[in-house]
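The values are calculated or read from the model by the stated rules, or taken from the named source; none is laboratory data. In this text the structure is predicted, and so the values were computed from the model without any measurement. As a convention, Cβ positions derive from the backbone with ideal geometry for all residues, glycine included, and neighbour counts pool all protein chains shown. Quick note on the areas: whole protein, heavy atoms, side chains included, nothing else; ligands and nucleic acids left out. Shrake-Rupley method; radii C 1.70, N 1.55, O 1.52, S 1.80 Å.
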Amino acid sequence: MSIVRGVYEGFTAIIYGFILDIALKALLLMGFTDLTYDVLQLIIAILWIGIGMFGWGNICIVNRGSCRLSTIYRYIMFIAPPLMTISYLLYLYGDGAAAAVLFLIAVSVVLGLSVSSYVGAYMVSNQFRSNVGRVGAIISIVAIIMWLALIPNIMEVGTALNALGNALILIVLLQVRRRYSPTARARRR
């Protein structure tokens, strides 16, 4: 695989990761509601972390800071999904207090991982001199801070703001990804 193709696929993975990020937060906002939602939360969390690890790892050539993000995702992979799984199992077996504590810890870890990906998006936006991406990353970080209030109404507003911030980040990532398109290189020759 060529370097250009690897970077292109990395940016594509990060784009999907930011889309899954909002889907995961919308599901986490529901908490323990139904077994179907709980399983969806777990599946999307695993996909989101895995895609982020692959994506940030592949753009290391373009942005050195993303190598560290890939490592962070790799280690969180062993923390967040197991915590979520144990909390769901405890909830199913009737231990609501322990399930809630583990769920809050897992959500905190996921939120921390989100912030690290927004910092990565800020670094990429800064490198390519995009004010839109910088503003999107800052909006998303503020939205995560709103989640820390643990008040449902504020968390809903935070999720909406987070979606706006991610949309701005996606615009920039799509523009940057176009620079590394393998087909664009072939046409120029």
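Summary table
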read-out	value
Qualifying residue in the range 168-185 (condition: surrounded by 18 or more Cβ atoms within 10 Å (Cβ to Cβ) and free of Cβ contacts under 8 Å to residues at least 40 places away in the same chain)	yes
Meets criteria (part of a helix (DSSP H, G or I) and either of a type in the set (Val, Ile, Thr) or in contact with a strand residue (DSSP E or B) (Cβ under 9 Å, 6 or more places away or on another chain) (or both)) for residue 135	yes
Pairs with Cβ under 9 Å, 6+ apart, first in the range 123-140 and in the same structural domain as residue 64 (by the TED database), second among the hydrophobic types (A, V, I, L, M, F, W, C) and open to solvent by 80 Å² or more (accessible area, probe 1.4 Å)	130/171; 132/171; 133/171; 136/164; 136/171; 139/164; 140/164
Residue among 104, 113, 90 that is in the same structural domain as residue 61 (by the TED database), open to solvent by 80 Å² or more (accessible area, probe 1.4 Å), part of a helix (DSSP H, G or I) and out of contact with any Cys (no Cβ under 6 Å at 6 or more places or on another chain)	104
Complete set of residues in the range 67-79 that are surrounded by fewer than 23 Cβ atoms within 10 Å (Cβ to Cβ), at pLDDT below 90 and not aromatic (Phe, Trp, Tyr)	67, 68, 70, 71, 72, 74, 76, 77
